[in-house]
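These notes are about the structure you will find just below.
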Amino acid sequence: MRIDSNVYNIGYACITLGLKNAGLKTCRLQNAEDDRLKGIIENNLNALETVIKYNAENDIRLFRISSDIIPLASHPLVSIEWCSIFREKIKKIGELIIANNIRVSMHPGQYTVLNSLSESVVENAIDDLKYHAYFLDCLGVDESCKIVLHIGGVYGDKKQAINRFVLNYKRLDKAIKRRLIIENDDKNYNIEDVLNISAQCGIPVVFDNLHHQINPAANKNSQFEWIERSGATWKEKDGPQKIHYSQQNIEKSAGAHSKTIDAKVFSEFLNDLPDRNIDIMLEVKDKNISAVKCILYSGKKYSAKHLETEWARYKYYVLGKYPEGYYKIRELLKDKTKYLVKDFYEIIEEAISCESIKNNEINAAQHVAGYFRKLATDTEKRRIINSIEKYREVKISLKSMKKTMRVLAEKYDIEYLLNSYYFIEW
DNA sequence: TGACGTCAAGATCCG
DNA sequence: CGGATCTTGACGTCA
């Protein structure tokens, strides 16, 4: 049982935006020599530690660790003993996770197929699941930290394909079984199928709202009834029920995740959820930024000072995109006794959705350029001015102009800029 | 055989 | 030379 007063824990997957030293590295199989791989893993573990600290500081208690944390981990040609080489480091991260009451998970991708017709594919899938379970075990986190898996392909005969899934599930080690949970997907296995499989092998079920919208069950229950039924597959030792929540990107094909979470739509969803502990994993392009938003939106324990912290990260972005919104937010944050989270995010979302206007972006860029005045060399300052001028003359993109400043912000380690959302591309 | 999804690595092109 | 922009990849299924 968690001490948290919130009923819902909200988290995000794999990548943390607007946080320095948080990026994961990878490499090609072709040049995955042990030494190179070792360096990459060290980088990734340091990044994970940074991210866990960030999550704790921002009250984010749910986080999916990327499968790429150990690149090519389950590839037969890669045999590096990462767990013993980095034992102390991984243990330290695990302690940090536990001390901060964060629930972590992992989620192998679409290529881990346990019910394949091909035995070698199944063996690879089992190896991959072993890796995921092993990483979580090395962290030392408990059984509530899960591995989410899709059922797999259909191969023209769903009944047989389901049978194969159940049979292959039985082959798995206890170390995998205690963590494995299954999710409805957007093509093959709807929530009713997944619940039927769960009934056969007792695996907890993750309900994914967007997959359900695209690939609904024949039985037209409301999504909240399916969430209730999925909830019944979770036992005490599994921890609170988990669900995946995302919104459709209306500019893209069905199933594509939105750039940011529409907070109003999310809070309506939240209001209709069963009144008990549920963990909600957001799947959204702007990752932790939406997680913070949804947490601030849903919690009763937050106040104006939390909005101020967030505003410090957004403000140059908003100034460039939507100056009127910038001044409106400054106004509404003046009254420190009020927690105007809805008004705040309404303006932020408006800023994200509107088109850039060149003069406004130039104005914001000049503000940001001010941070280099005392630090950068004259050549570098000229480089910044030149890039702003080239942007003005439509010779380079906004992205390029921002990149010039980002590179220098990294060089001089200007923390305020590196931890701001100014460089995020929505 | 290529699309699917993802995003960093790596290659290549440009000034 | 640095920077911008492109193509590619470990994986499996399906049309």
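The values are calculated or read from the model by the stated rules, or taken from the named source; none is laboratory data. The structure presented is a predicted model; accordingly, all values stated were derived computationally and were not measured. FYI the Cβ positions are ideal-geometry reconstructions off the backbone, even for glycines, and counts take in every protein chain you see. Note: areas computed on protein heavy atoms with side chains; ligands, DNA, RNA excluded. Shrake-Rupley method; radii C 1.70, N 1.55, O 1.52, S 1.80 Å.
Observations on the model:
- Simple Cβ-charge dipole of chain A, Lys/Arg +1 and Asp/Glu -1, about Cα centre, in debye nearest 20: 940
- Helix A:323-332 and the long axis of chain A differ in direction by around 80°, with both axes built from C-alpha atoms.
- Amide hydrogen proximity for A:LEU282: with H placed 1.01 Å from N in the peptide plane, the residues at 5 or more positions away or on another chain lying under 5 Å are A:GLY11, A:TYR12, A:TYR245.
- Available extension along the chain between A:SER397 and A:GLU324 is 24.0 nm, counting 0.36 nm per residue and deducting the alpha carbon span.
- Degrees, to the nearest 10: A:119-139 long Cα axis against longest axis of chain A: 60
- Cα gyration tensor shape for segment A:8-298, rounded if a/c is under 1.5, else prolate or oblate: oblate
- Length-normalised contact order of chain A in % [C-alpha pairs under 8 Å, at least 6 apart]: 15
- For A:LYS159, a cut-off of 12 angstrom between C-alpha atoms picks up these aspartates and glutamates, skipping any fewer than 8 places away in its own chain: A:ASP193.
- Gap separating the Cα centres of segment A:317-385 and segment A:137-168, nearest whole Å: 46
- Listed by chain and number, the lysines whose C-alpha is less than 17 Å from the C-alpha of A:LYS390, apart from same-chain residues fewer than 8 away, are A:LYS358, A:LYS381, A:LYS399, A:LYS402, A:LYS403.
- The calculated 222 nm mean residue ellipticity attributable to helices in chain A amounts to -15500 deg cm²/dmol, summing -39500 (n - 2.57) over DSSP H runs of n ≥ 4 and dividing by all residues.
- Fully extending the segment from A:ASN249 to A:ILE362, taken as 0.36 nm per residue of separation minus the present Cα-Cα distance, adds 37.8 nm.
- Evaluating 6.51 cos²θ - 1.76 cosθ + 1.60 at θ = phi - 60° for every residue in segment A:242-253, the Karplus couplings come out as 10, 10, 9, 10, 8, 10, 5, 7, 5, 8, 10, 5 Hz, glycine and proline recorded as x.
- Taking the charge dipole of chain A about its Cα centre, with +1 at Lys and Arg Cβ atoms and -1 at Asp and Glu Cβ atoms, the residue from A:ILE362, A:GLY153, A:VAL341 reaching farthest to the positive side is A:ILE362.
- In segment A:230-280, lysine pairs with alpha-carbon atoms under 28 angstrom apart (chain gap of 8 or more, or interchain): 4
- For segment A:8-298, carbon and sulfur atoms together expose 48% of the accessible surface, with a 1.4 angstrom probe and every protein chain in place.
- In terms of distances greater than 20 angstrom between alpha carbons, the cross-link table entries A:LYS38/A:LYS174; A:LYS53/A:LYS91; A:LYS91/A:LYS287 yield A:LYS38/A:LYS174; A:LYS91/A:LYS287.
- Paramagnetic label reach from A:SER353 (point 7 Å along Cα→Cβ; backbone nitrogen cut-off under 14 Å): within segment A:246-287, residues A:248-251, A:258-266.
- Rounded to 0.05, the FRET efficiency of the A:GLU119 and A:ASP68 pair, given R0 = 41 Å and the Cβ-Cβ distance, is 0.95.
- Beta bridges by DSSP in chain A, antiparallel share as percent, to the nearest 5: 5
- Inter-part distance, segment A:200-232 to segment A:90-111, computed on C-alpha centroids, equals 25 Å.
- The dipole here belongs to segment A:125-242: it is taken about the Cα centre, uses +1 on the Cβ of Lys and Arg and -1 on the Cβ of Asp and Glu, and is about 360 debye.
- On Cα atoms only, tilt of A:304-321 relative to the major axis of chain A in degrees: 70
- Whole-number accessible area per residue in Å² for chain A, which is evaluated in the context of all protein chains at 1.4 Å: 47
- GluC sites (Glu not before Pro) within segment A:68-103, DSSP loop, no more than 15 other Cβ atoms inside 10 Å: A:GLU81
- At full extension, A:CYS83 and A:VAL166 could sit 26.9 nm farther apart than now, given 0.36 nm per residue minus the alpha carbon distance.
- Straight-distance crosslink candidates among aspartates and glutamates, where the alpha carbon sits under 20 Å from A:LYS92 and sequence neighbours closer than 8 are dropped: A:GLU42, A:GLU49, A:GLU57, A:ASP59, A:ASP68, A:GLU81, A:ASP137, A:ASP142, A:GLU143
- Close amide H contacts of A:SER105 (hydrogens built in the peptide plane, cut-off under 5 Å, sequence separation of 5 or more or a different chain): A:PHE63, A:ARG64, A:ILE65.
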